[in-house]
Amino acid sequence: MKEYLDELIALGVLYAPKIVGALLVLVIGFWITSWLTRAAARAMVRTKVPLDLSNFLRSLVNVLLKVLVVFSAAGIVGIETTSFVAVLAAAGFAVGLALQGSLSNFAAGVIILLFKPYRTGHVITTQNYTGTVKEIQILNTILTTLDNRVVVIPNGSIISNAIENFSISTERQLDLTFSIVQSNEIEKTRQVLQQVAERCPGYLTEKGIKIVVRELPTNAINLAVRFWTKNEDFWKATYFMLEEAAKALDEARIVQPSASMNLQITNADTEQLLNHHSKN
């Protein structure tokens, strides 16, 4: 019994300083890690790094520094870090195979944060969802729809498909189609539509108005009216044109077939989201 006790005391004398040293390294190392992480976050704020990218980088720096601290503590205790790294590499490989989808979402998240096809607060359409980007996470993007539904979409699905961003451009082209019966005069109709378009709120006069024949269906003529507006005035201009053009064509006794006007781009959710976004 005394031999075992002596052995235990000997081991304690041998490893106690190492264990105490390792604990000190962990405590002090984690404290330094927190301080460096906060310092990095402040530096990114000063250099105006985008919020989404700064959050990701801050988390990455924090994790890497903590891993280094743990390896340092393990080395002090006497654990062979080379074996430890080999075990971690094997485990990482196995986990990687099991999480291929998550890794692709991770890579897609990095691409989104670096190349910025959209940012937090932008109104986008992707994967048949239209909403305001609430948050860009490293694996997912969170959208808030008009009716306040929260949609979580994997970043890999977004990157591999089309993204329509309504918030990047400051200007947008209005494209409306008006139909008249073939017996009407095209030039007279063009003048009426031109006068209405010139009164349209948000119309950018420097880019002009184009009114052309779009197609000639049976017993009708379809005229396209195109002009540019500011992004926030797009739907206001659209509704103004539809209502005022209908009144003006009626006053000019220009006959319109049934279902005479067709808006080429219609999306009520997008409209309301953009209006809400422009107010904010």
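The values are calculated or read from the model by the stated rules, or taken from the named source; none is laboratory data. Note that the structure is predicted; figures quoted are calculated from it, not measured. All Cβ positions, glycine included, derive from the backbone under ideal geometry; neighbour counts span all protein chains shown.
Take the residues in region 259-279 that are out of contact with any strand residue (DSSP E or B) (no Cβ under 9 Å at 6 or more places or on another chain) and loosely packed, with under 13 Cβ neighbours inside 10 Å; name whichever of them is modelled with the lowest pLDDT.
Only one residue tops the list, namely T266.
Return yes when V69 is surrounded by 11 or more Cβ atoms within 10 Å (Cβ to Cβ), modelled with pLDDT of 70 or more and out of contact with any Gly (no Cβ under 6 Å at 6 or more places or on another chain) and no when it is not. Full working, then the answer.
Values: surrounded by 11 or more Cβ atoms within 10 Å (Cβ to Cβ): yes; modelled with pLDDT of 70 or more: yes; out of contact with any Gly (no Cβ under 6 Å at 6 or more places or on another chain): no.
Taking the combined requirement at face value, the residue does not satisfy it.
Can you pull out the residues in region 98-139 that are modelled with pLDDT of 80 or more, more than 12 Å from E164 (Cβ to Cβ) and of a type in the set (V, I, T)?
V110, I111, I112, T120, T132, V133, I136 - these are the residues of region 98-139 that are modelled with pLDDT of 80 or more, more than 12 Å from E164 (Cβ to Cβ) and of a type in the set (V, I, T).
For every residue, the table says whether it meets (1) of a type outside the set (F, W, Y); (2) buried (at least 19 other Cβ atoms within 10 Å of the Cβ); (3) in contact with a Leu (Cβ under 8 Å, 6 or more places away or on another chain).
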site	(1), (2), (3)
D175	yes, no, no
T189	yes, yes, yes
P201	yes, no, no
N219	yes, no, no
E232	yes, no, yes
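Of the conditions (1) part of a helix (DSSP H, G or I); (2) over 17 Å from I28 (Cβ atoms); (3) modelled with pLDDT of 70 or more, K48 clears all except one; give me its number.
Answer for K48: the failing condition is (1).
Give all pairs with beta carbons closer than 9 Å in which a residue from region 112-126 that is free of Cβ contacts under 8 Å to residues at least 60 places away in the same chain and not assigned by TED's automatic domain parsing to the domain that holds S54 meets a residue that is of a type in the set (G, A, S) and surrounded by fewer than 18 Cβ atoms within 10 Å (Cβ to Cβ); count only pairs at least 6 apart in sequence or on separate chains.
From residues that are free of Cβ contacts under 8 Å to residues at least 60 places away in the same chain and not assigned by TED's automatic domain parsing to the domain that holds S54, the pairs are T126/S157; T126/A162.
Looking at (1) loosely packed, with under 11 Cβ neighbours inside 10 Å; (2) of a type in the set (A, V, I, L, M); (3) modelled with pLDDT under 65, can you tell me which one V95 breaks?
Condition (1) is where V95 drops out.
Taking the criterion of being within 34 Å of the chain's Cα centre (by Cα) and either at pLDDT below 75 or surrounded by 14 or more Cβ atoms within 10 Å (Cβ to Cβ) (or both), would at least one residue in region 11-27 satisfy it?
Keep residues of region 11-27 that are within 34 Å of the chain's Cα centre (by Cα), which gives none.
No, region 11-27 has no match at all.
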